[in-house]
Structures are given as structure tokens and as C-alpha cells.
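All remarks here apply to the structure that follows.
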Amino acid sequence: MESPEEKVVAVIMVGGPTKGTRFRPLSFNTPKPLFPLAGQPMVHHPISACKRIPNLARIFLIGFYEEKEFALYVSSISSELKIPVRYLKEDKPHGSAGALYYFRDIIMEDKPSHIFLLNCDVCCSFPLREMLEAHRRFSGIGTMLVIKVSAESANQFGELIADTVTKELLHYTEKPETFVSDLINCGVYVFTPDIFSAIKGVYSHLEDRFGICRVSSFDHFQSTTRSVPVDFVRLDQDILSPLAGKKKLYTYETMDFWEQIKTPGVSLKCSALYLSQFCQTSPHLLAGGDGTKNAMIVGDVYIHPSVKVHPTAKIGPNVSISANVRVGPGVRLINCIILDNVEIKDNAVVINSIIGWKSSLGRWSRVQGNEDYNAKLGITILGEAVTVEDEVVIVNSIVLPNKSLHVSFQDEIIL
Ligand code: GDD
């Protein structure tokens, strides 16, 4: 049981503009962590999960995006949740553990007994309370969320072996070439402050090995054996692997949904997962008639209150429509994300697609994908301000911003 004095803080790793390149062309316009899934920024989902942690004092977002990109969101979410949320900007990437260490003094200001660390680009039910309870029972320095995935997909993640009874992490290997286990690291952790000593140990080792006096003064120094700069410490390779089997790290397995969000295709799938979670946890966020101007709604749908929808439109399932979109008569929307200020004219159809900000779809036009979330052209993506003229059909294509499409395309990347 937690004592009332024990404080907990949460840290969410949001990365920066040089990461998330697989999220193009959508990351040209918005930092990936602010891309909307089920109508809420990606980072909003882990943040709202943190709100359920007992004695949560503060949430930090750590990244190397410009502060101004997060300023508006951070101030609005802080007042909405009534929990201080603060963005901490790294001057350059320090790696997932290095970034945590870099801001250790600020993170420890509240003297927390526990620190949650969450990757921003994962989609799950974030069972943080349960993890914290398990972590207290295990009495290690860290507990990580793990899940079983298919043996074919496991090598995209950290693969691990855990003791079936004690749940101790026995062996950990990051994205191995040969199969180790179908149990993988979900990128969600809870640590005691001892994690900082463990990271410091890695820095000290690097200093001894490479003769570095002050880690921060050695920008991008490359060693012969490490493929990353020595002031860059990765949680997985540099901390989890060496600490496995030392009775310090434990695992908590989720049986619920989990996805890693690296591409727009997967973000469409994750939008569906979060919409269906809203159905259980926050049904008031889903379109149900009132705010939808009587359009026909099928399944889980999010519609921003400012959207204008014609009553003859049919929308759903898995549709998320952002601010100031106009949906005309006879429009059909299935399995799609429509971003701010899009206009969809009469009888247009959008299926398995993401429509970029300020785009315009003409009358009787059709934008469609195959619903293969993992294939490069498995859904159709229109970048910002793309115009699809009347009756034009776009199938399984990626269209870069500011294009005007007068003819139909299939299986193309339109640059
Ligand atoms: N602030 C900051 N600074 N964030 C970073 C940095 C950094 O230098 N490097 C990575 N991140 C953030 C990313 O934005 C992401 O949210 C998270 O840290 C992990 O990113 P990567 O280090 O690129 O790892 P990954 O996503 O390929 O894999 C990790 O997560 C998987 C779960 O999604 C590994 O831990 C895998 O083992 C794990 O399965």
C-alpha cells in the first residue's frame, strides 16, 4: 500500500523532429506526439492514464522539439487535469535513459518514491496502477510492462525472458536478429530513484573506458565499439540488458491491447483501439446524436464540436473528425482520420484513409485504402492542403502536401 506522503512522478519520452521519420508526411505539420488518435493528441492518452496513478505529483514530457510546439497543449492539459505537466527540452538527443538522467534534479524536486517512464509512441490501456502495486511487491528497482506478440513480429522490439513464478527479468535483448522470445518490452516502466544510480554507473563506465571527464562536453564522440555517441544512454541496451538476471528488474504482463505507433497506418488502427476504449471509459466523448447534427453514426466515432455535418452523411465505424471540418450531403466516411479544416463535398467517400489539414475532397470523389496497416501503401494518406477534384479516385496512395489531383491514382506516392 502507498503511504499518503509518497509521491509519484511520470515522465513521457516524446523524442524529437529527427525521430518519427516513418510518420511522414503527417509529421511535416505536427510533432508526432501531438497527432490526434481518437480526436486526442497521441501523448494525451498516456497523460490521462497517469492521472489515475495514486499520489501523482507531476508529469514531465521530455523531448528535443522546440518548446513552443508543446506550449499550448501543456498549458491546456495542466489546467484540464489539475496536475502540473511540464515540457523539458533537451538541447540534443541523449537517448531514452540519458534524457531521464539529464533532467534528474528537476524530476527529483518533489522527492518521488517512484518514477513512471512511458514511451509516447505506444498505444495500450496503460495499467499503471496495477504495475505500481506489482512493483511494490517485487521490491526491485524497476518493473516493465511486457506482452506476448507473434513470434514473427517480436524482433521489432526488445525480446525478453522472465521467470514464470517470480516475474524477474532474466534476460533482455533489444531487437535481436535471432529469435529469443515472443515476450516483448512495451516501453512502459516504473522505477525507484535508484534508476539514476544505474544510469550514472553506465556514464562512469563510459568515462573510465573512453577517458571522458564531463560527459556533456563530448558531443557526438564515437567510440569504436558503440554505434551511438558516448553521452547517449539507451534504456534498453545500456540499462535493461546488463541489469537482467540480477534481481533488480521485474515484469508485469498485460493481456490487454498494445501497439507501437511508428507509422500513419498503425495510427489509424490505434485510433480505433482508443475509440473502443472510450466506449467503456468515456462514452461522452463519442458521437451519439447530439453534437452530430443527426447524421447517421455507425460504431465508435469522434466528432469535434465545431464540425459541421450534413444530416444525410453516414459516418463510422472508427472515424475521428477534428476541428472545423465540413462534411457535405451524402458523404460516407469509414475507418478514417479527418484532420482540422478539411472540406468533404457532396457524396464523397473516404475509407481506410487519413485526410490532412485543410484538404478538400470534391463531389463524388473517393479516397480509399486496403486496410493493410503495416504495408507502406496499405492506407491512403493525404498530406496538408491536398485538393482532390470532383469524381477523382485515389486508392492506396500517399500524397505529399499542397497537391491538386485532377486525375485518379492507385498505388502511388505523389511527390
Ligand atoms: N527525449 C528523448 N530523447 N526521447 C527519446 C530519445 C531521446 O534521445 N530517444 C528515444 N526517445 C523516445 C522515443 O520518442 C520513443 O518514445 C521512446 O523514447 C523509445 O524510442 P527508441 O529508443 O527509438 O526505441 P523504439 O521505439 O524503437 O523501441 C523501444 O520501445 C519499444 C516499445 O515501443 C525499445 O525500448 C523496445 O525494446 C520496445 O519494445
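The values are calculated or read from the model by the stated rules, or taken from the named source; none is laboratory data. All values reported here derive from a predicted model rather than from experimental measurement. As a convention, Cβ positions derive from the backbone with ideal geometry for all residues, glycine included, and neighbour counts pool all protein chains shown. To get the accessible areas, we keep the full protein, side chains included, count just its heavy atoms, and leave off ligands, DNA and RNA. Shrake-Rupley method; radii C 1.70, N 1.55, O 1.52, S 1.80 Å.
Quick notes on this one:
- All positions within segment 253-262 that are open to solvent by 10 Å² or more (accessible area, probe 1.4 Å) and within 12 Å of the ligand (Cβ to nearest atom): TRP258, GLU259, GLN260, LYS262
- Residue check, ARG52 part of a helix (DSSP H, G or I) and either closer than 26 Å to GLU130 by Cβ or within 13 Å of the ligand (Cβ to nearest atom) (or both): no
- Residues that are open to solvent by less than 50 Å² (accessible area, probe 1.4 Å) and in a helix (DSSP H, G or I), drawn from segment 230-248: LEU235, ASP236, ASP238, ILE239, LEU240, SER241, LEU243
- Matching residues, segment 309-361, being closer than 14 Å to VAL388 by Cβ and in a loop (DSSP other than H, G, I, E, B): GLY328, VAL331, VAL342, LYS345, ASP346, ASN347, ALA348, GLY356, LYS358, SER359
- Residue within segment 11-19 that is more than 14 Å from the ligand (Cβ to nearest atom) and buried (at least 20 other Cβ atoms within 10 Å of the Cβ) present: no
- Segment 57-85 residues that are assigned by TED's automatic domain parsing to the domain that holds LEU117 and open to solvent by 30 Å² or more (accessible area, probe 1.4 Å), paired with ones that are aromatic (Phe, Trp, Tyr) and within 16 Å of the ligand (Cβ to nearest atom) (beta carbon under 8 Å, 6 or more apart): GLU67/TYR87; ALA71/TYR87
- Of all residues making up segment 181-206, the number that are within 19 Å of HIS171 (Cβ to Cβ) and charged (D, E, K, R): 1
- When each of ILE354, ILE337, ILE379 is tested for being touching a Gly at 6+ places or on another chain (Cβ under 6 Å) and open to solvent by less than 10 Å² (accessible area, probe 1.4 Å), the lone residue that passes is ILE379.
- Filtering segment 158-172 to residues that are part of a loop (DSSP other than H, G, I, E, B) and at negative phi leaves ASP163, THR164, VAL165, THR166.
- Which numbered condition GLU80 fails, given (1) outside any helix (DSSP H, G or I); (2) away from the ligand (no atom under 15 Å from the Cβ): (1)
- Close pairs (8 angstrom Cβ cut-off, 6 or more residues apart or separate chains): assigned to a helix (DSSP H, G or I) and of a type in the set (Ser, Thr, Tyr) in segment 16-27, modelled with pLDDT under 85 and surrounded by fewer than 20 Cβ atoms within 10 Å (Cβ to Cβ) anywhere: SER27/THR21
So that you can scan it fast, the table gives a plain yes or no per residue for (1) aromatic (Phe, Trp, Tyr); (2) within 16 Å of the ligand (Cβ to nearest atom); (3) modelled with pLDDT of 95 or more:
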{"position": "GLY211", "(1), (2), (3)": "no, no, no"}
{"position": "THR224", "(1), (2), (3)": "no, no, no"}
{"position": "VAL230", "(1), (2), (3)": "no, yes, no"}
{"position": "LEU235", "(1), (2), (3)": "no, yes, yes"}
{"position": "SER241", "(1), (2), (3)": "no, yes, yes"}
{"position": "GLY245", "(1), (2), (3)": "no, no, yes"}
{"position": "LYS248", "(1), (2), (3)": "no, no, yes"}
{"position": "THR251", "(1), (2), (3)": "no, yes, yes"}
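- If the condition is being closer than 15 Å to LYS247 by Cα and within 15 Å of the ligand (Cβ to nearest atom), then segment 116-150 contributes GLY142, THR143, MET144.
- Residue in segment 156-169 that is among the polar types (S, T, N, Q), within 16 Å of the ligand (Cβ to nearest atom) and buried (at least 18 other Cβ atoms within 10 Å of the Cβ) present: no
- Taking the listed residues SER197, SER153, SER204, the one that is within 13 Å of the ligand (Cβ to nearest atom) and without any contact (Cβ under 8 Å) to a residue 12 or more places away in the chain is SER153, with no other qualifying.
- Of the candidates VAL331, VAL309, VAL342, VAL301, the single residue that is among the aliphatic types (A, V, I, L, M), under 13 Å from ALA272 (Cα atoms), at pLDDT 95 or above and crowded, with 17+ Cβ neighbours inside 10 Å is VAL301.
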